[in-house]
Amino acid sequence: MKHRVLVVGGAGYIGSHTVKLLQNQGYEVWVYDNLSMGHKESVSPDCLIVGDLKDKDRLDHAIMIHRIEGVIHFAASAFVGESVTEPAKYYQNNVVNTLSLLEVVRKQGIKKFVFSSTCATYGTPDRVPITEDTPQNPINPYGETKLIVEKVLRDYARAYQIGYAALRYFNASGAAADGSIGEDHSPETHLIPLILETILGKRKEIEIFGTDYPTPDGTCIRDYIHVDDLAQAHILALDILKPGQEIKVNLGIGQGYSVRQVIAATEKVTGKKVKYKESPRRAGDPAELVANPAKAMKELGWKPKYLDIETIIETAWNWHRKHPNGFRN
Ligand code: UFG
């Protein structure tokens, strides 16, 4: 029997890809989203409930009438830079509103809760690849808010038997293989979509933030994971979670690429040259973030399908070139 699932923030980038996979795999899915960042076009209208996380009555009603058995929680503010200048927004949206959601989850007796955490909870790690026992010392309010929720979940699991999975994402990228949905942030701050927008002539050039990092080519190294691989891990976690169980895993592919390597791979995939300029470092960027995903593979039975940056970029390019204005097309 497939679960009835509420996907909070399901109209966002990673949320909408997860919803699509859940539906393809026969789950009954409801999306709860205030559409502040999400796009109504990214999910089917018959499963969308437009509502705010703060609206406990609406959430409570949705969970009750749809007899929800598991919640996947994506809704959060997720710009590292903004979290430094506007921490209040991050503590409110990511901590206070999640506590509010958890009140409803607790009251309704739901025992499966899958949470979007982040590699930003590790701050600047003392070694890479990063394993889950690496000390979590965030260096920005965004990472801090996600770490706080991880701790709340640990305590709630022990006291109220809510089973949870804290999935620590590395760099989500790419788009659905059929080109139907993809990445559309406003403002866009992520490397791959920005490079593609430059190629499409929507931007004059891409800036490389920092060329003096202690890496082989001087630019930052990240672990780019395809959004569908990331999405599938949520479904696996949801399926196996037992009351009170705690799952904490990294989701990356275990392979890092520098900013220059990503630019080169994008040029290869698109067959076009990318105009770039070398700029100073961006505040809060660690030199290298690469996952050791062994624990996720073992505990969830997860196996990423996209192991090569060019294939990931190809799916993103497929989406961007057909939707140069994102969901506004
Ligand atoms: N970069 C550039 N130029 C740009 C944009 C990005 O050089 O115009 C570089 C960044 O400095 C970084 C890399 O490209 O080294 C990737 O940057 P992204 O903004 O695409 O992604 P981040 O690694 O900063 O962010 C991701 C997630 C966050 C998460 C963070 C953890 O999007 O939610 O990883 O560090 F918090």
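Carbon and sulfur: what percent of the chain's accessible surface (1.4 Å probe)?
On the way: 7250 of 14040 Å².
Carbon and sulfur atoms account for 52 percent of the accessible area of the chain.
What accessible area per residue, rounded to a whole number of Å², is obtained for the chain using a probe radius of 1.4 Å?
43
In the chain, what percentage of the DSSP-assigned beta bridges are antiparallel, given to the nearest 5?
Values: 2 of 40 bridges.
Antiparallel: roughly 5 percent of the beta bridges in the chain.
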The helix 13-24 Cα axis meets the longest alpha-carbon principal axis of the chain at an angle in degrees, between 0 and 90 and rounded to 10, of 60
Val152 and Ser186 label points (each 7 Å along its Cα→Cβ direction) are spaced in nm at 2.8
Across the alpha-carbon set of region 282-326, Rg over Rh with Rh taken as the Kirkwood radius works out to 1.13
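Just want to confirm a number: the relative contact order over region 1-158, from Cα pairs under 8 angstrom separated by 6+ residues, in percent. Could you put the intermediate results ahead of the total?
Details: 246 pairs, mean separation 33.9, N = 158.
Reported relative contact order: 21 percent.
Give me the percent relative contact order of the chain, please, defined on Cα pairs under 8 angstrom at least 6 residues apart.
Numbers: 677 pairs, mean separation 64.2, N = 329.
Here the relative contact order equals 20 percent.
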If one compares the long axis through the Cα atoms of helix 141-160 with the longest principal axis of the Cα atoms of the chain, the angle in degrees, nearest 10, works out at 30
For region 88-146 the trypsin sites (Lys or Arg not before Pro) that pass both the DSSP coil test and the at-most-12 other-Cβ-within-10 Å test are Arg127
What helix-only [θ] at 222 nm does the chain give? Using -39500 (n - 2.57) per DSSP H run of at least 4, over all residues, to the nearest 500, the answer is -11000 deg cm²/dmol
Simple SL model, points at 7 angstrom along Cα→Cβ for Thr211 and Gln25; separation in nm is 4.4
Tilt, helix 309-322 to longest principal axis of the chain (alpha-carbon atoms), in degrees rounded to tens, equals 80
In whole angstrom, the spacing between the Cα centers of region 162-227 and region 231-292 equals 7
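The values are calculated or read from the model by the stated rules, or taken from the named source; none is laboratory data. What you see is a predicted model; the values in this text were computed from it and never measured. Glycine also receives a Cβ, built like all others from the backbone with ideal geometry; neighbour counts cover every protein chain displayed. In case anyone asks, the SASA skips ligands and DNA or RNA and just uses the protein heavy atoms, side chains included. Shrake-Rupley method; radii C 1.70, N 1.55, O 1.52, S 1.80 Å.
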